[in-house]
Amino acid sequence: MNEKAIKELQGIINTYEDLVQGIDKRAKKSNERAYGGIIRANKGKLVESVAEQLVRIAWEDLEMNEHRLSFRHHTIKIPINRKYIKKIKSPKVRKFIIKNIEHMYYRIKPDVQVYVDNNFKISIECKAYTENAMLKRILVDCTLIKHVFPDVKFVLLQLESQLGGDYSEVFKEVHFGSPSTHALLSYFDIDLNIITLLEGERKVDKPIHKSGFLKPLKMEALLKAINVLKELLK
C-alpha cells in the first residue's frame with residue numbers, strides 16, 4: 001500500500017470520527033425529520049461513501065486503469081418469473097399478466113454498484129449495522145439481482161455487526177459466523193462477503209453516535225476490507 005493510499009485511508013478515519021460525533025447534535029437541531037431517521041440516513045450515507053472509497057483504493061492498489069472502474073446508481077428491474085404465470089389458476093389473471101408483461105417487474109437499487117469495463121461487477125449493501133432479520137432481506141435482494149446478473153459478486157459492508165457469533169471480531173483470520181446467519185445463508189445460493197469495520201458487537205443501549213460510545217475505526221480494519229475487495233475485483 002503506497003503513501004497516497006494510506007493518506008486516503010486516514011482521511012476515511014478522520015471523516016468517520018467527525019461525522020459520527022456530530023450526527024447526534026445535527027439530529028437534535030433539525031425540525032424537518034424525526035431524530036432516528038436522521039441518524040440512520042447519515043450513517044447510511046457514510047458507509048456508502050466509505051464503500052466507494054475502499055473500492056477505488058483497492059483498484060488503484062491492483063494497478064488497474066482508473067477509467068475502467070465506475071460506480072452507478074441504476075434501478076435494476078427484476079422481471080417476472082415466467083414459470084409463475086403457468087401456475088396461476090385464473091385464466092383471466094394469466095391473460096392480464098401476459099398482456100402487460102413488459103410492466104411486470106420489481107425494482108431494486110443496490111447501495112453501491114461497482115462496474116468494470118461497464119460490466120456490473122460487485123453489488124455492495126451498506127449498513128450501519130446488520131441483524132439477521134435484515135440479512136434475510138439482503139439475501140432475497142441478492143437472489144433477485146443474481147437472476148438478472150448471474151456473475152455479479154455480493155458484499156455486505158457494515159460498521160457494526162449484530163449478527164451474533166464472531167462477525168464483530170474484526171481482526172480474526174477466520175470467522176466461524178453464527179448459527180442463525182449460517183442457517184439463513186444455507187437457503188440461498190449467494191456467496192455473501194461480510195465485512196465489518198468496527199470491533200465489538202453492536203449494543204442497542206450504546207450507540208456509537210452518543211458521547212462516550214464512539215468506536216475507533218482502525219487502519220487495520222480498512223486494510224483488511226481492501227484485501228477482500230481486491231480479490232473480488234481481480
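The values are calculated or read from the model by the stated rules, or taken from the named source; none is laboratory data. Here the structure is a predicted model, which means the values were calculated and not measured. Please note: Cβ atoms are built from the backbone with ideal geometry, for glycine as well, and neighbour counts cover all protein chains shown. Note: accessible area is taken over every heavy atom of the protein model, side chains too, but ligands, DNA and RNA are not part of it. Shrake-Rupley method; radii C 1.70, N 1.55, O 1.52, S 1.80 Å.
Any residue at all in region 40-47 that is open to solvent by less than 60 Å² (accessible area, probe 1.4 Å), modelled with pLDDT of 95 or more and out of contact with any Cys (no Cβ under 7 Å at 6 or more places or on another chain)?
no
Go through region 57-80 and report how many residues are open to solvent by less than 90 Å² (accessible area, probe 1.4 Å), touching a helix residue (DSSP H, G or I) at 6+ places or on another chain (Cβ under 9 Å) and of a type in the set (Lys, Arg).
Qualifying residue count, region 57-80: 1.
Among residues belonging to region 85-134 that are hydroxyl-bearing (Ser, Thr, Tyr) and open to solvent by less than 30 Å² (accessible area, probe 1.4 Å), point out the one that is farthest from Leu185 (Cα to Cα).
So, considering only residues that are hydroxyl-bearing (Ser, Thr, Tyr) and open to solvent by less than 30 Å² (accessible area, probe 1.4 Å), the one farthest from Leu185 (Cα to Cα) is Tyr115.
Looking at Lys234 and the list (1) under 15 Å from Ala128 (Cβ atoms); (2) basic (Lys, Arg); (3) surrounded by fewer than 11 Cβ atoms within 10 Å (Cβ to Cβ), which single condition is not satisfied?
Unmet for Lys234, out of (1) under 15 Å from Ala128 (Cβ atoms); (2) basic (Lys, Arg); (3) surrounded by fewer than 11 Cβ atoms within 10 Å (Cβ to Cβ): (1).
With a cut-off of at least 3 residues that are in the same structural domain as Lys7 (by the TED database) and among the charged types (D, E, K, R), name the strands (runs of 3 or more DSSP E) lying wholly within region 118-234.
Hits in region 118-234: 119-130.
Return the residue satisfying two criteria in turn: it lies in region 152-181 and is open to solvent by 50 Å² or more (accessible area, probe 1.4 Å) and under 18 Å from the mean Cα position of the chain (by Cα), and of such residues it is nearest to Lys136 (Cα to Cα).
Filtering region 152-181 for residues that are open to solvent by 50 Å² or more (accessible area, probe 1.4 Å) and under 18 Å from the mean Cα position of the chain (by Cα), the one nearest to Lys136 (Cα to Cα) comes out as Gln162.
Need pairs with beta-carbon distance below 9 Å; first residue on the phi > 0 side of the Ramachandran plot and within region 168-187, second open to solvent by less than 60 Å² (accessible area, probe 1.4 Å); sequence gap 6+ or separate chains.
Gly177/Leu163; Gly177/Gly164; Gly177/Gly165; Gly177/Asp166; Gly177/Tyr167; Gly177/Leu185; Gly177/Ile194
Residues being of a type in the set (Asp, Glu) and more than 30 Å from Tyr16 (Cβ to Cβ): count how many of those fall in region 80-134.
Of the residues in that region, 2 qualify.
Suppose we filter Asp191, Asp205 for residues that are open to solvent by 40 Å² or more (accessible area, probe 1.4 Å) and free of Cβ contacts under 8 Å to residues at least 12 places away in the same chain; which single one remains?
On inspection, the qualifying residue turns out to be Asp205.
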